[in-house]
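The values are calculated or read from the model by the stated rules, or taken from the named source; none is laboratory data. Computed from a predicted model, the values in this text were never measured in an experiment. Note: ideal-geometry Cβ built from the backbone for every residue, glycine included; neighbour counts use all protein chains shown. Heavy atoms of the whole protein, side chains included, go into the accessibility calculation; ligands, DNA and RNA do not. Shrake-Rupley method; radii C 1.70, N 1.55, O 1.52, S 1.80 Å.
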Amino acid sequence: SGIALHGGPLPGYAASHGCVRMPYGFAEDLFDKVPKGTRVIIAPDDTAPVAFSDAALFKPNAQALAAASVRANALERAAAEAANNADQAKDAAAMAADEAAPLLASLRQLQRLKTRADAELAFAEKVLTAAKTGQAKAQADERKQKIAAKVAALQTQLDTARANPKLAAALAAQDAAKAAEAKRADTAKAAHEAQLMLEPVSVFISRATQRLYVRRGFGADFDVPVTIRNPDQPIGTHVFTAVAGNGADLRWTVVTIDSGDNARDALDRISIPQDVLDRIAPTALPRSSLIISDEPLNRETNYRTEFVVVLNNQPQGGLAMRQHPADVAARGNSWGEDGSGFGGWRGWNSPYGGYTRQRGEYYYPQPQGWW
(Lines give C-alpha, C1' and ligand atoms only; values in the text may rest on other atoms or scores of the structure.)
Protein backbone atom coordinates (compact mmCIF):
# COMPACT_ATOMS: atom_id res chain seq x y z
CA SER A 1 0.00 0.00 0.00
CA GLY A 2 1.14 3.52 -0.63
CA ILE A 3 4.23 4.39 -2.64
CA ALA A 4 7.73 3.40 -1.54
CA LEU A 5 10.54 5.98 -1.52
CA HIS A 6 14.01 4.45 -1.40
CA GLY A 7 17.59 4.91 -2.49
CA GLY A 8 18.52 3.32 -5.78
CA PRO A 9 20.29 3.74 -9.10
CA LEU A 10 18.90 6.45 -11.41
CA PRO A 11 19.45 5.25 -14.96
CA GLY A 12 17.92 8.35 -16.56
CA TYR A 13 14.75 6.67 -17.80
CA ALA A 14 11.56 5.26 -16.26
CA ALA A 15 12.68 1.95 -14.76
CA SER A 16 10.90 1.63 -11.43
CA HIS A 17 8.20 -0.90 -10.67
CA GLY A 18 6.16 1.75 -8.87
CA CYS A 19 8.62 3.08 -6.28
CA VAL A 20 10.25 6.49 -6.21
CA ARG A 21 14.03 6.21 -6.48
CA MET A 22 16.32 8.78 -4.89
CA PRO A 23 20.08 9.24 -4.82
CA TYR A 24 21.45 7.31 -1.85
CA GLY A 25 22.77 10.38 -0.03
CA PHE A 26 19.51 12.24 -0.37
CA ALA A 27 17.56 9.16 0.80
CA GLU A 28 19.66 9.06 3.98
CA ASP A 29 19.05 12.75 4.66
CA LEU A 30 15.33 12.41 3.98
CA PHE A 31 14.78 9.50 6.35
CA ASP A 32 16.92 11.11 9.06
CA LYS A 33 15.08 14.43 9.01
CA VAL A 34 11.40 13.82 8.32
CA PRO A 35 8.94 12.23 10.76
CA LYS A 36 6.24 9.75 9.91
CA GLY A 37 3.30 11.49 8.29
CA THR A 38 5.32 14.12 6.46
CA ARG A 39 3.62 15.17 3.24
CA VAL A 40 5.70 14.46 0.12
CA ILE A 41 5.32 16.29 -3.20
CA ILE A 42 6.88 14.87 -6.36
CA ALA A 43 6.47 17.43 -9.13
CA PRO A 44 7.28 17.23 -12.83
CA ASP A 45 8.84 20.73 -12.76
CA ASP A 46 10.82 22.80 -10.30
CA THR A 47 8.52 24.29 -7.71
CA ALA A 48 8.70 25.67 -4.18
CA PRO A 49 6.28 26.63 -1.42
CA VAL A 50 5.39 30.31 -1.22
CA ALA A 51 3.76 32.20 1.63
CA PHE A 52 0.01 32.47 1.21
CA SER A 53 -2.96 33.85 3.11
CA ASP A 54 -6.66 33.83 2.34
CA ALA A 55 -9.84 34.14 4.37
CA ALA A 56 -11.03 30.80 2.99
CA LEU A 57 -8.26 28.85 4.77
CA PHE A 58 -8.94 27.20 8.13
CA LYS A 59 -8.83 29.43 11.20
CA PRO A 60 -8.39 27.62 14.52
CA ASN A 61 -10.21 28.55 17.70
CA ALA A 62 -8.18 28.60 20.93
CA GLN A 63 -11.16 27.65 23.08
CA ALA A 64 -12.05 24.73 20.80
CA LEU A 65 -8.45 23.49 20.87
CA ALA A 66 -8.34 23.72 24.68
CA ALA A 67 -11.67 21.92 25.00
CA ALA A 68 -10.51 19.17 22.62
CA SER A 69 -7.38 18.66 24.73
CA VAL A 70 -9.37 18.47 27.96
CA ARG A 71 -11.83 16.02 26.41
CA ALA A 72 -9.04 13.83 25.03
CA ASN A 73 -7.33 13.65 28.42
CA ALA A 74 -10.59 12.82 30.20
CA LEU A 75 -11.47 10.09 27.73
CA GLU A 76 -7.97 8.66 27.93
CA ARG A 77 -8.35 8.35 31.71
CA ALA A 78 -11.80 6.81 31.27
CA ALA A 79 -10.43 4.31 28.75
CA ALA A 80 -7.63 3.30 31.11
CA GLU A 81 -10.11 2.83 33.95
CA ALA A 82 -12.45 0.81 31.74
CA ALA A 83 -9.56 -1.40 30.63
CA ASN A 84 -8.60 -2.04 34.25
CA ASN A 85 -12.21 -2.83 35.18
CA ALA A 86 -12.53 -5.20 32.22
CA ASP A 87 -9.40 -7.08 33.27
CA GLN A 88 -10.69 -7.40 36.83
CA ALA A 89 -14.13 -8.54 35.64
CA LYS A 90 -12.53 -11.11 33.36
CA ASP A 91 -10.44 -12.50 36.23
CA ALA A 92 -13.49 -12.63 38.50
CA ALA A 93 -15.53 -14.43 35.84
CA ALA A 94 -12.75 -16.98 35.32
CA MET A 95 -12.51 -17.67 39.06
CA ALA A 96 -16.27 -18.04 39.43
CA ALA A 97 -16.40 -20.32 36.38
CA ASP A 98 -13.72 -22.57 37.87
CA GLU A 99 -15.67 -22.90 41.12
CA ALA A 100 -18.92 -23.64 39.29
CA ALA A 101 -17.44 -25.79 36.50
CA PRO A 102 -19.47 -28.98 37.24
CA LEU A 103 -22.65 -26.93 37.57
CA LEU A 104 -21.93 -25.10 34.33
CA ALA A 105 -21.36 -28.39 32.51
CA SER A 106 -24.68 -29.70 33.82
CA LEU A 107 -26.41 -26.48 32.80
CA ARG A 108 -25.03 -26.67 29.26
CA GLN A 109 -26.23 -30.28 28.97
CA LEU A 110 -29.70 -29.28 30.16
CA GLN A 111 -29.75 -26.40 27.66
CA ARG A 112 -28.89 -28.78 24.81
CA LEU A 113 -31.62 -31.20 25.87
CA LYS A 114 -34.14 -28.38 26.19
CA THR A 115 -33.29 -27.05 22.71
CA ARG A 116 -33.74 -30.52 21.23
CA ALA A 117 -37.04 -31.01 23.07
CA ASP A 118 -38.32 -27.64 21.85
CA ALA A 119 -37.60 -28.71 18.27
CA GLU A 120 -39.39 -32.02 18.84
CA LEU A 121 -42.41 -30.19 20.24
CA ALA A 122 -42.54 -27.84 17.25
CA PHE A 123 -42.46 -30.84 14.90
CA ALA A 124 -45.17 -32.63 16.88
CA GLU A 125 -47.40 -29.57 16.56
CA LYS A 126 -46.90 -29.58 12.78
CA VAL A 127 -47.77 -33.30 12.64
CA LEU A 128 -50.94 -32.67 14.68
CA THR A 129 -51.96 -29.83 12.38
CA ALA A 130 -51.42 -32.00 9.30
CA ALA A 131 -53.32 -35.04 10.65
CA LYS A 132 -56.40 -35.91 8.56
CA THR A 133 -58.15 -38.77 10.40
CA GLY A 134 -59.37 -38.92 13.96
CA GLN A 135 -56.98 -41.73 14.83
CA ALA A 136 -53.99 -39.84 13.41
CA LYS A 137 -55.00 -36.70 15.33
CA ALA A 138 -55.32 -38.66 18.58
CA GLN A 139 -51.90 -40.25 18.14
CA ALA A 140 -50.30 -36.93 17.23
CA ASP A 141 -51.94 -35.19 20.19
CA GLU A 142 -50.75 -37.91 22.58
CA ARG A 143 -47.18 -37.57 21.32
CA LYS A 144 -47.37 -33.80 21.58
CA GLN A 145 -48.52 -34.00 25.21
CA LYS A 146 -45.66 -36.33 26.11
CA ILE A 147 -43.09 -34.04 24.50
CA ALA A 148 -44.68 -30.98 26.12
CA ALA A 149 -44.35 -32.67 29.51
CA LYS A 150 -40.70 -33.38 28.73
CA VAL A 151 -40.14 -29.74 27.79
CA ALA A 152 -41.78 -28.57 31.02
CA ALA A 153 -39.67 -30.95 33.11
CA LEU A 154 -36.45 -29.76 31.45
CA GLN A 155 -37.46 -26.14 31.98
CA THR A 156 -38.00 -26.87 35.69
CA GLN A 157 -34.57 -28.47 35.90
CA LEU A 158 -33.04 -25.47 34.14
CA ASP A 159 -34.72 -23.03 36.51
CA THR A 160 -33.54 -25.05 39.49
CA ALA A 161 -29.96 -25.20 38.14
CA ARG A 162 -29.88 -21.47 37.47
CA ALA A 163 -31.13 -20.76 40.96
CA ASN A 164 -28.08 -22.40 42.48
CA PRO A 165 -26.23 -19.51 44.21
CA LYS A 166 -22.80 -20.61 42.99
CA LEU A 167 -23.97 -21.03 39.41
CA ALA A 168 -25.95 -17.79 39.51
CA ALA A 169 -22.81 -15.99 40.68
CA ALA A 170 -20.78 -17.50 37.83
CA LEU A 171 -23.35 -16.50 35.22
CA ALA A 172 -23.60 -13.00 36.67
CA ALA A 173 -19.80 -12.72 36.58
CA GLN A 174 -19.77 -13.74 32.92
CA ASP A 175 -22.39 -11.11 32.08
CA ALA A 176 -20.43 -8.49 34.01
CA ALA A 177 -17.24 -9.41 32.14
CA LYS A 178 -19.01 -9.08 28.78
CA ALA A 179 -20.42 -5.69 29.75
CA ALA A 180 -17.02 -4.50 31.01
CA GLU A 181 -15.34 -5.63 27.79
CA ALA A 182 -17.94 -3.79 25.71
CA LYS A 183 -17.34 -0.65 27.77
CA ARG A 184 -13.58 -1.05 27.28
CA ALA A 185 -14.05 -1.16 23.50
CA ASP A 186 -16.42 1.82 23.48
CA THR A 187 -14.23 4.03 25.67
CA ALA A 188 -11.07 3.07 23.78
CA LYS A 189 -12.75 4.06 20.50
CA ALA A 190 -13.96 7.36 21.97
CA ALA A 191 -10.50 8.11 23.38
CA HIS A 192 -8.87 7.36 20.03
CA GLU A 193 -11.30 9.62 18.17
CA ALA A 194 -10.78 12.40 20.71
CA GLN A 195 -7.01 12.08 20.37
CA LEU A 196 -7.33 12.39 16.59
CA MET A 197 -8.90 15.81 17.11
CA LEU A 198 -5.47 16.91 18.33
CA GLU A 199 -3.86 15.75 15.06
CA PRO A 200 -3.44 18.05 12.05
CA VAL A 201 -6.40 17.83 9.71
CA SER A 202 -5.92 16.98 6.03
CA VAL A 203 -8.55 17.95 3.48
CA PHE A 204 -8.57 16.91 -0.16
CA ILE A 205 -10.98 18.36 -2.74
CA SER A 206 -11.29 16.59 -6.09
CA ARG A 207 -12.79 18.23 -9.15
CA ALA A 208 -13.05 14.79 -10.73
CA THR A 209 -15.35 13.39 -8.03
CA GLN A 210 -16.82 16.70 -6.78
CA ARG A 211 -16.16 15.58 -3.22
CA LEU A 212 -14.28 16.79 -0.17
CA TYR A 213 -12.36 14.20 1.89
CA VAL A 214 -11.17 14.69 5.47
CA ARG A 215 -8.49 12.77 7.37
CA ARG A 216 -6.87 13.07 10.76
CA GLY A 217 -3.88 10.85 11.35
CA PHE A 218 -3.97 8.12 8.69
CA GLY A 219 -7.63 7.29 9.17
CA ALA A 220 -10.40 8.41 6.85
CA ASP A 221 -12.70 10.71 8.81
CA PHE A 222 -15.51 11.52 6.40
CA ASP A 223 -16.23 12.80 2.91
CA VAL A 224 -19.04 14.99 1.56
CA PRO A 225 -20.11 16.50 -1.76
CA VAL A 226 -18.61 19.90 -2.52
CA THR A 227 -19.61 22.64 -4.95
CA ILE A 228 -16.98 23.74 -7.49
CA ARG A 229 -17.84 26.63 -9.76
CA ASN A 230 -17.33 25.84 -13.47
CA PRO A 231 -16.68 22.14 -12.70
CA ASP A 232 -15.86 21.38 -16.33
CA GLN A 233 -12.87 23.76 -16.28
CA PRO A 234 -9.40 22.67 -14.96
CA ILE A 235 -8.59 23.96 -11.51
CA GLY A 236 -4.99 22.74 -11.24
CA THR A 237 -3.35 21.00 -8.30
CA HIS A 238 -2.51 23.11 -5.24
CA VAL A 239 -1.21 22.04 -1.83
CA PHE A 240 -1.89 24.52 0.98
CA THR A 241 -0.02 23.70 4.18
CA ALA A 242 -0.23 25.31 7.63
CA VAL A 243 3.47 25.45 8.43
CA ALA A 244 3.28 27.15 11.84
CA GLY A 245 1.10 28.99 14.27
CA ASN A 246 0.74 32.72 13.81
CA GLY A 247 -0.71 34.06 17.02
CA ALA A 248 -4.33 32.92 17.09
CA ASP A 249 -4.10 32.08 13.38
CA LEU A 250 -2.02 29.81 11.15
CA ARG A 251 0.75 30.69 8.72
CA TRP A 252 0.21 29.01 5.35
CA THR A 253 2.22 28.20 2.26
CA VAL A 254 1.08 26.87 -1.09
CA VAL A 255 2.71 24.72 -3.73
CA THR A 256 1.10 24.75 -7.17
CA ILE A 257 2.04 21.61 -9.08
CA ASP A 258 -0.17 21.41 -12.11
CA SER A 259 -1.47 23.96 -14.58
CA GLY A 260 -4.93 25.43 -14.15
CA ASP A 261 -6.11 28.31 -11.99
CA ASN A 262 -3.72 30.10 -9.70
CA ALA A 263 -4.05 29.17 -6.03
CA ARG A 264 -6.29 32.08 -5.05
CA ASP A 265 -8.68 31.58 -7.96
CA ALA A 266 -8.83 27.86 -7.18
CA LEU A 267 -9.88 28.60 -3.61
CA ASP A 268 -12.44 31.10 -4.84
CA ARG A 269 -14.13 28.47 -7.03
CA ILE A 270 -14.83 26.13 -4.11
CA SER A 271 -17.72 26.41 -1.65
CA ILE A 272 -17.06 24.26 1.42
CA PRO A 273 -20.25 23.51 3.42
CA GLN A 274 -20.38 25.57 6.61
CA ASP A 275 -21.05 22.54 8.81
CA VAL A 276 -17.85 20.96 7.48
CA LEU A 277 -15.87 24.11 8.25
CA ASP A 278 -17.38 24.23 11.74
CA ARG A 279 -16.30 20.63 12.27
CA ILE A 280 -12.68 20.85 11.11
CA ALA A 281 -11.47 24.46 11.20
CA PRO A 282 -11.65 25.21 14.98
CA THR A 283 -9.11 22.48 15.79
CA ALA A 284 -6.81 22.92 12.78
CA LEU A 285 -3.15 22.77 13.79
CA PRO A 286 0.23 23.35 12.13
CA ARG A 287 0.83 20.67 9.46
CA SER A 288 -2.86 20.79 8.55
CA SER A 289 -3.43 20.93 4.81
CA LEU A 290 -5.94 21.68 2.10
CA ILE A 291 -5.27 20.03 -1.25
CA ILE A 292 -7.21 20.92 -4.38
CA SER A 293 -6.81 18.92 -7.57
CA ASP A 294 -8.43 18.01 -10.85
CA GLU A 295 -7.56 14.40 -10.03
CA PRO A 296 -9.43 11.77 -7.99
CA LEU A 297 -7.86 9.95 -5.06
CA ASN A 298 -5.54 7.20 -6.24
CA ARG A 299 -6.21 3.59 -5.27
CA GLU A 300 -2.99 3.58 -3.21
CA THR A 301 -4.73 5.77 -0.61
CA ASN A 302 -5.65 3.63 2.39
CA TYR A 303 -5.55 3.48 6.18
CA ARG A 304 -1.73 3.66 6.26
CA THR A 305 -1.25 6.58 3.90
CA GLU A 306 -1.96 10.25 3.55
CA PHE A 307 -3.92 11.29 0.46
CA VAL A 308 -2.25 9.85 -2.64
CA VAL A 309 -2.96 11.60 -5.94
CA VAL A 310 -1.55 10.97 -9.42
CA LEU A 311 -1.10 13.64 -12.07
CA ASN A 312 -2.45 11.65 -14.97
CA ASN A 313 -1.44 14.22 -17.56
CA GLN A 314 2.21 13.26 -17.04
CA PRO A 315 3.77 10.64 -19.36
CA GLN A 316 4.09 8.05 -16.60
CA GLY A 317 1.21 9.27 -14.45
CA GLY A 318 -0.83 6.09 -14.94
CA LEU A 319 0.09 2.49 -15.69
CA ALA A 320 2.92 1.90 -18.14
CA MET A 321 2.99 -1.30 -20.15
CA ARG A 322 6.21 -3.27 -19.86
CA GLN A 323 7.53 -6.43 -21.41
CA HIS A 324 6.68 -9.57 -19.47
CA PRO A 325 9.69 -10.39 -17.25
CA ALA A 326 9.63 -14.04 -18.29
CA ASP A 327 10.50 -12.91 -21.81
CA VAL A 328 13.35 -10.81 -20.44
CA ALA A 329 14.59 -13.67 -18.28
CA ALA A 330 14.57 -15.97 -21.31
CA ARG A 331 17.10 -13.67 -22.93
CA GLY A 332 19.39 -13.96 -19.91
CA ASN A 333 18.39 -10.77 -18.07
CA SER A 334 16.97 -10.44 -14.55
CA TRP A 335 13.50 -9.25 -13.59
CA GLY A 336 14.57 -6.49 -11.24
CA GLU A 337 15.01 -2.80 -11.82
CA ASP A 338 18.78 -2.90 -11.32
CA GLY A 339 19.57 -6.60 -11.65
CA SER A 340 18.63 -7.35 -8.03
CA GLY A 341 15.09 -8.54 -8.67
CA PHE A 342 13.65 -5.70 -6.57
CA GLY A 343 9.97 -5.25 -7.16
CA GLY A 344 9.32 -8.95 -7.64
CA TRP A 345 6.55 -10.86 -9.35
CA ARG A 346 3.07 -9.57 -8.58
CA GLY A 347 1.09 -12.42 -10.12
CA TRP A 348 -1.68 -12.59 -12.68
CA ASN A 349 -4.09 -9.67 -13.03
CA SER A 350 -2.77 -7.94 -9.91
CA PRO A 351 -3.98 -4.34 -9.48
CA TYR A 352 -0.38 -3.39 -8.69
CA GLY A 353 1.23 -5.04 -11.68
CA GLY A 354 0.88 -8.27 -13.59
CA TYR A 355 0.91 -10.10 -16.87
CA THR A 356 -1.71 -9.16 -19.45
CA ARG A 357 -2.82 -12.06 -21.60
CA GLN A 358 -4.25 -9.82 -24.31
CA ARG A 359 -1.04 -7.91 -25.00
CA GLY A 360 1.54 -10.30 -23.65
CA GLU A 361 3.18 -7.58 -21.61
CA TYR A 362 3.99 -6.86 -17.99
CA TYR A 363 2.86 -3.60 -16.47
CA TYR A 364 3.78 -1.59 -13.37
CA PRO A 365 2.43 1.56 -11.77
CA GLN A 366 4.92 4.37 -12.42
CA PRO A 367 6.01 7.08 -10.00
CA GLN A 368 6.54 10.09 -12.24
CA GLY A 369 3.82 12.64 -11.59
CA TRP A 370 2.86 11.11 -8.23
CA TRP A 371 2.83 13.38 -5.21
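Condition test on GLY217, is it among the small types (Gly, Ala, Ser), open to solvent by 20 Å² or more (accessible area, probe 1.4 Å), more than 20 Å from the chain's Cα centre (by Cα) and under 21 Å from PRO60 (Cα atoms)?
Details: among the small types (Gly, Ala, Ser): yes; open to solvent by 20 Å² or more (accessible area, probe 1.4 Å): yes; more than 20 Å from the chain's Cα centre (by Cα): no; under 21 Å from PRO60 (Cα atoms): yes.
When the stated conditions are applied, GLY217 does not pass them.
Pick out the one residue from LEU267, LEU277 that is hydrophobic (A, V, I, L, M, F, W, C) and farther than 22 Å from VAL40 by Cα.
On the way: LEU267 fails: farther than 22 Å from VAL40 by Cα.
The unique qualifying residue is LEU277.
Residue by residue, here is whether (1) surrounded by 15 or more Cβ atoms within 10 Å (Cβ to Cβ); (2) of a type in the set (Val, Ile, Thr); (3) modelled with pLDDT of 85 or more holds:
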position: SER16; (1), (2), (3): yes, no, no
position: MET22; (1), (2), (3): yes, no, yes
position: PHE31; (1), (2), (3): no, no, yes
position: VAL34; (1), (2), (3): no, yes, no
position: ALA51; (1), (2), (3): no, no, yes
position: SER69; (1), (2), (3): yes, no, yes
position: GLU76; (1), (2), (3): yes, no, yes
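For (1) touching a residue at least 40 places away in the same chain (Cβ under 8 Å); (2) open to solvent by less than 50 Å² (accessible area, probe 1.4 Å); (3) on the phi < 0 side of the Ramachandran plot, each residue gets a yes or a no:
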| residue | (1), (2), (3) |
| --- | --- |
| ALA122 | no, yes, yes |
| LYS132 | no, no, yes |
| THR156 | no, no, yes |
| PRO165 | no, no, yes |
| ALA190 | yes, yes, yes |
| GLU193 | no, no, yes |
| MET197 | yes, no, yes |
| TYR213 | yes, yes, yes |
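Restricted to the range 260-283, and to residues that are touching a His at 6+ places or on another chain (Cβ under 9 Å) and not polar (S, T, N, Q), which residue is surrounded by the fewest Cβ atoms within 10 Å (Cβ to Cβ)? Walk me through it before giving the result.
To start, the set of residues in the range 260-283 that are touching a His at 6+ places or on another chain (Cβ under 9 Å) comprises 260-263, 266-267.
Next, only the ones that are not polar (S, T, N, Q) stay: 260-261, 263, 266-267.
Values: GLY260: 20, ASP261: 18, ALA263: 20, ALA266: 25, LEU267: 22.
Top of the filtered list is ASP261.
Which of the residues belonging to the range 284-300 are open to solvent by 20 Å² or more (accessible area, probe 1.4 Å) and at negative phi?
LEU285, PRO286, ASP294, GLU295, PRO296, LEU297, ASN298, ARG299
Considering only residues that are touching a helix residue (DSSP H, G or I) at 6+ places or on another chain (Cβ under 9 Å) and assigned to a loop (DSSP other than H, G, I, E, B), which ones fall in the range 221-246?
VAL226, ARG229, ILE235, GLY236 - these are the residues of the range 221-246 that are touching a helix residue (DSSP H, G or I) at 6+ places or on another chain (Cβ under 9 Å) and assigned to a loop (DSSP other than H, G, I, E, B).
Quick one: which of ARG251, ARG304, ARG299 is touching a residue at least 12 places away in the same chain (Cβ under 8 Å) and either under 22 Å from VAL50 (Cα atoms) or touching a strand residue (DSSP E or B) at 6+ places or on another chain (Cβ under 6 Å) (or both)?
Working: ARG304 fails: either under 22 Å from VAL50 (Cα atoms) or touching a strand residue (DSSP E or B) at 6+ places or on another chain (Cβ under 6 Å) (or both); ARG299 fails: either under 22 Å from VAL50 (Cα atoms) or touching a strand residue (DSSP E or B) at 6+ places or on another chain (Cβ under 6 Å) (or both).
The conditions single out ARG251.
What do you reckon, is ALA208 assigned to a loop (DSSP other than H, G, I, E, B), among the aliphatic types (A, V, I, L, M), in contact (Cβ under 8 Å) with a residue 60 or more places away in the chain and within 26 Å of THR47 (Cα to Cα)? Spell out the reasoning first.
Working: assigned to a loop (DSSP other than H, G, I, E, B): yes; among the aliphatic types (A, V, I, L, M): yes; in contact (Cβ under 8 Å) with a residue 60 or more places away in the chain: yes; within 26 Å of THR47 (Cα to Cα): yes.
Yes: the conditions hold for ALA208.
How many of the residues making up the range 33-47 are in contact (Cβ under 8 Å) with a residue 60 or more places away in the chain and under 32 Å from the mean Cα position of the chain (by Cα)?
Here the count works out to 7.
In a strand (DSSP E or B), at pLDDT below 90 and open to solvent by less than 40 Å² (accessible area, probe 1.4 Å): does that describe ILE257? Don't jump to the end; show me each part of the working.
Details: in a strand (DSSP E or B): yes; at pLDDT below 90: yes; open to solvent by less than 40 Å² (accessible area, probe 1.4 Å): yes.
In short, yes.
Quick check, is LYS183 open to solvent by 90 Å² or more (accessible area, probe 1.4 Å) and free of Cβ contacts under 8 Å to residues at least 40 places away in the same chain?
So LYS183 does not fit the description; no.
Among the residues of the range 309-317, is any modelled with pLDDT under 50 and over 30 Å from ASP54 (Cα atoms)?
Kept after step one, since they are modelled with pLDDT under 50, are these residues of the range 309-317: 317.
Keeping just the survivors that are over 30 Å from ASP54 (Cα atoms) gives 317.
Checked the range 309-317: at least one residue is modelled with pLDDT under 50 and over 30 Å from ASP54 (Cα atoms).
Quick check on ALA182: is it assigned to a helix (DSSP H, G or I), under 25 Å from the mean Cα position of the chain (by Cα) and either modelled with pLDDT of 85 or more or of a type in the set (A, V, I, L, M, F, W, C) (or both)? So that I can check it myself, show each step before the final result.
Details: assigned to a helix (DSSP H, G or I): yes; under 25 Å from the mean Cα position of the chain (by Cα): yes; either modelled with pLDDT of 85 or more or of a type in the set (A, V, I, L, M, F, W, C) (or both): yes.
Yes; evaluated as a whole, the condition is true for this residue.
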